[in-house]
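Only the coordinates and a few stated rules stand behind these numbers; no lab work does. Computed from a predicted model, the values in this text were never measured in an experiment. Heads up, the Cβs are rebuilt from the backbone with ideal geometry, glycines too, and the neighbour counts pull from every protein chain shown.
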Amino acid sequence: MALKMIDHGTKEYNQMIQLRYEMLRKPLGLRFSDDELQKEKTDVLIGAFEEDDDKLLGCCLLTKVDDKTVRLRQMAVPNSLQGKGIGRALMIFAENIARDLGYNKMIMHARKTALGFYGKLGYNVTGNEFVEVTIPHFVMEKVL
């Protein structure tokens, strides 16, 4: 598996949009707006790829909140590949990139169903449950 940053508008980015749509939006009957995707031009886009054929195995992105805080968003790994360490590898890679960029805290709006995954990686719930994209979420954070 190869972990790397992805450039906005590339073939890899299009794979990322498709994976995120299939995993995160389609099950909820939602789509990405053009405006949402345009805003990602300033985000750090991260993908995990098959070494041999550049097939996307998982992805996430980082959005600047302020000079010291970055927000993890849109973490997606296909159901058939979950539990194989892809999400964990993406998280470690994303945390290292965030540190290299000078951030010392990572936050996220974690789906209620993913709290256990992020908790094992050292993230803590910092607020009450709220609804986003029609499902329950919690704010989680970790000092990097």
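Being among the β-branched types (Val, Ile, Thr) and part of a helix (DSSP H, G or I) is the filter; apply it to region 96-138 and report the residue that is nearest to VAL65 (Cα to Cα). In this case the residue turns out to be ILE97.
Table: residues versus (1) surrounded by 15 or more Cβ atoms within 10 Å (Cβ to Cβ); (2) free of Cβ contacts under 8 Å to residues at least 60 places away in the same chain.
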site	(1), (2)
GLN38	no, yes
LEU57	yes, yes
ILE86	yes, no
ALA94	yes, yes
GLY116	no, yes
GLY119	no, yes
TYR123	yes, yes
THR134	no, no
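Filtering region 45-76 down to residues that are of a type in the set (Gly, Ala, Ser) and touching a Lys or Arg at 6+ places or on another chain (Cβ under 7 Å), which residue is nearest to PHE138 (Cα to Cα)? So, considering only residues that are of a type in the set (Gly, Ala, Ser) and touching a Lys or Arg at 6+ places or on another chain (Cβ under 7 Å), the one nearest to PHE138 (Cα to Cα) is ALA76.
Among the residues that make up region 111-130, is at least one of them in contact with a His (Cβ under 6 Å, 6 or more places away or on another chain) and acidic (Asp, Glu)? Looking through region 111-130, none of the residues is in contact with a His (Cβ under 6 Å, 6 or more places away or on another chain) and acidic (Asp, Glu). Kindly indicate whether any position in region 77-95 is within 18 Å of GLU141 (Cβ to Cβ), polar (S, T, N, Q) and either assigned to a strand (DSSP E or B) or over 13 Å from the mean Cα position of the chain (by Cα) (or both). So far as region 77-95 goes, no, none of its residues is within 18 Å of GLU141 (Cβ to Cβ), polar (S, T, N, Q) and either assigned to a strand (DSSP E or B) or over 13 Å from the mean Cα position of the chain (by Cα) (or both). Residue count for region 1-11, restricted to those that are over 14 Å from LEU90 (Cβ atoms) and surrounded by 18 or more Cβ atoms within 10 Å (Cβ to Cβ): 0.
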